[in-house]
């Protein structure tokens, strides 16, 4: 998820897909389409929230404790996959207990421990060990399933074909061993104009066959490595939803990843700091900044002056821009939405979600 970029910001493109998408199958008749859509509309759209460990103001824990009644599924970042297939584990037992008490389904994220850990994808023995370790933690903790969120920071000129094939093999191997009553979720980058700092290692057609749920990480269109701009312009989000559906991905398998953050750019656009939406709201109040609405991208943006640094600008997501993305999930009859991340959001978000 965006966690990888947040990690790099805190402690420190060549595209493999065409710009557009073509339908993979012959268009059905109008009658067939109506029947299919009727079957595919889920009885209710699922609200998933991503969780990172921590306590205090702005933490995922505090937000989950307060808003868990509005959250159907929790995907916590508790496991990091190493190059040899072992897992670094950091389960928040208190959050797990809260989830159990509120009947919230827990589907933990499996992320790479670092860029070097990508070697697990191309080593069959390491992949086998990874599958065994993931099965173990799912069964030991009675998780509802698991969410595979493997991201690689892109190196200029490097060929990632081998890793792409390795990820596909890994997902099929995991699905083969995972009990049928356990869900397999996979996070993927947007195929249309994906974030420039991440490698496209996703065979979307194969992933859609192997996975029970595909989470479209529809954010970081602009990020700390680009010029200032929107994190998730609405037109771009919709193009990517349409692209995946045209590829043949059933809408009831697709969850729309929605950002609850933005980037605060330094003067001249030289780098940016990631900030949660609630923190940005406080900046608006502190500096009495003018909140503007970008009509083209359907997102908010502010410009303000920091006495210690100079003129800055923030492009971000708030309840207004997120409400438009929730409408897209409804429009295309998607399985639901997945928010990155708990603790970043404005409180008003949960009032919207209650009516989702």
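The values are calculated or read from the model by the stated rules, or taken from the named source; none is laboratory data. Model, not experiment: these values are computed from the prediction. Here the Cβ is made from the backbone with ideal geometry for all residues, glycine too, and neighbour counts use every protein chain on show.
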I'd like the full set of residues that are in contact with a helix residue (DSSP H, G or I) (Cβ under 9 Å, 6 or more places away or on another chain), within 16 Å of residue 190 (Cα to Cα) and crowded, with 19+ Cβ neighbours inside 10 Å, limited to the stretch 147-163.
148, 149, 150, 151, 152
Single residue of the stretch 262-282 satisfying the filter (part of a helix (DSSP H, G or I) and touching a strand residue (DSSP E or B) at 6+ places or on another chain (Cβ under 7 Å)) that is surrounded by the most Cβ atoms within 10 Å (Cβ to Cβ):
280
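Kindly indicate whether any position in the stretch 95-112 is surrounded by 18 or more Cβ atoms within 10 Å (Cβ to Cβ), more than 20 Å from residue 342 (Cα to Cα) and modelled with pLDDT of 95 or more. Can you show your working first?
Residues of the stretch 95-112 that are surrounded by 18 or more Cβ atoms within 10 Å (Cβ to Cβ), as a first pass: 95-96, 99, 104, 106-112.
From what is left, the residues that are more than 20 Å from residue 342 (Cα to Cα) are 112.
Narrowing further to those that are modelled with pLDDT of 95 or more: 112.
Yes.
Name the residue, out of 284, 299, that is more than 20 Å from the chain's Cα centre (by Cα) and either at pLDDT below 95 or closer than 24 Å to residue 341 by Cβ (or both). Break it down into steps so the answer makes sense when it comes.
Working: 299 fails: more than 20 Å from the chain's Cα centre (by Cα).
Checking each option against the conditions leaves just 284.
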Quick check on this structure: which one of 210, 259, 232, 218 is crowded, with 23+ Cβ neighbours inside 10 Å, at pLDDT 95 or above and in contact with a helix residue (DSSP H, G or I) (Cβ under 6 Å, 6 or more places away or on another chain)?
218
When you go through 166, 145 one by one, which is the residue that is within 26 Å of residue 51 (Cβ to Cβ) and modelled with pLDDT of 95 or more?
145
For residue 196, are the conditions met, namely being in contact with a strand residue (DSSP E or B) (Cβ under 6 Å, 6 or more places away or on another chain), at pLDDT below 95 and part of a loop (DSSP other than H, G, I, E, B)?
no
Could you list, in sequence order, the residues of the stretch 315-337 that are assigned to a loop (DSSP other than H, G, I, E, B), within 17 Å of the chain's Cα centre (by Cα) and over 20 Å from residue 262 (Cα atoms)?
334, 335
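What residue, among those in the stretch 344-356 that are in a loop (DSSP other than H, G, I, E, B) and surrounded by fewer than 23 Cβ atoms within 10 Å (Cβ to Cβ), is modelled with the highest pLDDT?
The first filter runs over the stretch 344-356 and keeps only residues in a loop (DSSP other than H, G, I, E, B), leaving 344-347, 355-356.
From what's left, surrounded by fewer than 23 Cβ atoms within 10 Å (Cβ to Cβ): 346-347, 355-356.
Numbers: 346: 93, 347: 85, 355: 80, 356: 79.
Ranking the qualifying residues of the stretch 344-356, first place goes to 346.
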